[in-house]
Amino acid sequence: MRQLRVAVVGAGAAGLCAARHILSRPDTFAPPVVYELAEHVGGTWFYEERTGSYDNGLSIHSSMYRNLRTNLPKEVMMFPDFPFDPQLPSFLPHQEVQKYLERYCQSHCITPHIRFSTVVDEVSPVVTEGKGPMTTWEVTSGDKSGSRNTETFDSVFICSGHYSDPHIPSIPGLERFKGKVIHSHSYRHPEPFSGQSVVVLGAGASGLDISLELGRSNAQVTLSHGKPTLPFPLPYGVHQATPVEEIQEDGSLRFQDGSITQAQVLLLCTGYNFSYPFLEPARLGLEVQEHLVTPLYRFLMPPAFPSLFIIGICKIICPFPHFHCQVQFALAVLEGSVALPSRAEMEEEAQGEMARKVERGVQLRHMLKLDKEQWGYAQTLAQTGRFAPLPPVTQSLYEEVWRQRQVHPQNYRQLNYRLVSDTQWEQQELHAGE
């Protein structure tokens, strides 16, 4: 049987996971071609002190800031078949995650298959009529020497992430703000903001984390968000406010509750847009909006072209185990061990999933948040794709850490955990002096 050729766009965690599993099936798949626009693996985990653009004019991909530590323990975060170094603490500085991904890459001999400093310009389907319509994919790329290249593949895995195109919210009068406006994508460290008044917009993981870090660096922080009031005390110098309604004529910020403040910095922790400049969504039967790509069967593939897989598009997930399941399901589809429904049935299922969320009052920008649904989703992929499901301990420890984070947002990372079995974990002693 002819080996299938697969292109992988991106050599971050999802792309490396895709390459690793493709390489483990040499009877079915030729070695993958992995396209990576940077000169290194790691994707968003590679810390880049620079902001703005690379030397080749492309926007810096990573949103990593200097002091980031993981908000999931390594025992939950790891690829299920590749543990972190057990000597490390549970909550890691980003450098350790980068080292882990480099080790994963080396252990599975992925590097020879990566084309670094190579930008994918276009991914387009080619449909030929034979005994039935057959789809192949043309991938056009350019390297730093300026040469362009088009190759043909049987399948494409899009692993380019969704934390690189900053979402700038529509705030009336934003152009009147007299201070500095930056997005968290370009935030690296707190020292430049010491002694300044900063309004942080958004209290997701990075908004809260950065607010606490700025407060510790002697900034006066207003954390503006639309969530219920945070149920824990914030440190000196950090206080909460309702969402920003508008920037007034004099450059001051007016909040939803009518209060007004002046600030030197407006820091937008407002998330990211989905961006696939190398795809032509309409041609694929897809609609790409800022916060939603639809329809995707099993949050993975366009029903019209089920040999294109967008890995890791969901939010509020345990990322590496999630990629691990999605990739294996996608390869089972390509191998033919998963029989897909018809295009119409896949579209109906994907649209039905969205309709149920609308009925529950889920906002458009939260449609791809899985959260508690991620475990049933991973289980379904494993059952259908006939591969080992995630061990129950992953969900159990993830939920415990989620609880700790709600109660102790400033010090939950001091705890350490150990996996005892596939179903049990234990909490270990605190670090000395904590």
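Can you name every one of the strands (runs of 3 or more DSSP E) wholly within region 114-218 that holds 1 or more residues which are of a type in the set (Gly, Ala, Ser) and open to solvent by less than 20 Å² (accessible area, probe 1.4 Å)?
Details: elements: 118-129, 133-143, 148-153, 155-158, 180-183, 197-201.
It comes to 118-129, 133-143, 155-158.
Per the conditions (1) in contact with a Leu (Cβ under 6 Å, 6 or more places away or on another chain); (2) closer than 30 Å to residue 252 by Cα, the sole criterion not satisfied by residue 329 is (2).
So that you can scan it fast, the table gives a plain yes or no per residue for (1) more than 21 Å from residue 88 (Cβ to Cβ); (2) touching a Gly at 6+ places or on another chain (Cβ under 6 Å); (3) at pLDDT below 95; (4) surrounded by 17 or more Cβ atoms within 10 Å (Cβ to Cβ):
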residue: 367; (1), (2), (3), (4): yes, no, yes, yes
residue: 374; (1), (2), (3), (4): yes, no, no, yes
residue: 379; (1), (2), (3), (4): yes, no, no, no
residue: 384; (1), (2), (3), (4): yes, no, no, no
residue: 387; (1), (2), (3), (4): yes, no, no, yes
residue: 393; (1), (2), (3), (4): no, no, no, yes
residue: 406; (1), (2), (3), (4): yes, no, yes, no
residue: 412; (1), (2), (3), (4): no, no, yes, yes
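Scanning region 282-323 for residues that are without any contact (Cβ under 8 Å) to a residue 24 or more places away in the chain and open to solvent by less than 10 Å² (accessible area, probe 1.4 Å) turns up just one, 302.
Considering region 58-81, the residues that are surrounded by fewer than 16 Cβ atoms within 10 Å (Cβ to Cβ) and of a type outside the set (Lys, Arg) include one that is nearest to residue 321 (Cα to Cα), namely 80. Kindly indicate whether any position in region 330-342 is in a helix (DSSP H, G or I) and surrounded by fewer than 19 Cβ atoms within 10 Å (Cβ to Cβ). Checking region 330-342: at least one residue is in a helix (DSSP H, G or I) and surrounded by fewer than 19 Cβ atoms within 10 Å (Cβ to Cβ). For residue 397, only one of the following conditions fails: (1) open to solvent by 30 Å² or more (accessible area, probe 1.4 Å); (2) in a helix (DSSP H, G or I). What is its number? With respect to (1) open to solvent by 30 Å² or more (accessible area, probe 1.4 Å); (2) in a helix (DSSP H, G or I), residue 397 is out only on (1). Filtering region 223-260 to residues that are among the β-branched types (Val, Ile, Thr) and more than 26 Å from residue 405 (Cβ to Cβ) leaves 247, 260. For the criterion of being under 17 Å from residue 275 (Cα atoms) and hydrophobic (A, V, I, L, M, F, W, C), residue 16 fails. As for region 85-95, it holds no residue that is within 30 Å of residue 426 (Cβ to Cβ) and in contact with a Gly (Cβ under 9 Å, 6 or more places away or on another chain). The condition of being assigned to a loop (DSSP other than H, G, I, E, B) and either in contact with a Leu (Cβ under 7 Å, 6 or more places away or on another chain) or within 28 Å of residue 408 (Cβ to Cβ) (or both) holds for only one of 277, 321, 235, 303, that being 235. The one condition from (1) among the polar types (S, T, N, Q); (2) touching an Asp or Glu at 6+ places or on another chain (Cβ under 7 Å); (3) over 23 Å from residue 325 (Cα atoms) that residue 53 does not meet is (2).
Of all residues in region 219-238, which are open to solvent by 50 Å² or more (accessible area, probe 1.4 Å) and over 26 Å from residue 363 (Cβ atoms)? Explain how you work it out, then say what you get.
Applying the first criterion (open to solvent by 50 Å² or more (accessible area, probe 1.4 Å)) to region 219-238 yields 220, 226-229, 231, 233, 236.
Passing the criteria: 220, 233, 236.
The set of residues in region 14-37 being under 24 Å from residue 144 (Cβ atoms) and among the aliphatic types (A, V, I, L, M) consists of 14, 16, 18, 19, 33, 34, 37. Among the residues making up region 257-281, those that are open to solvent by less than 20 Å² (accessible area, probe 1.4 Å) and either among the basic types (Lys, Arg) or more than 30 Å from residue 344 (Cβ to Cβ) (or both) are 263, 265, 266, 267, 268, 269.
Among the conditions (1) more than 17 Å from residue 17 (Cα to Cα); (2) touching a Lys or Arg at 6+ places or on another chain (Cβ under 8 Å); (3) at pLDDT 95 or above, the only one that residue 316 does not satisfy is (3).
The values are calculated or read from the model by the stated rules, or taken from the named source; none is laboratory data. Because the structure is predicted, anything quoted here is derived from the model rather than measured. Heads up, the Cβs are rebuilt from the backbone with ideal geometry, glycines too, and the neighbour counts pull from every protein chain shown. Ligands, DNA and RNA are excluded from the accessible area calculation, which covers all protein heavy atoms including side chains. Shrake-Rupley method; radii C 1.70, N 1.55, O 1.52, S 1.80 Å.
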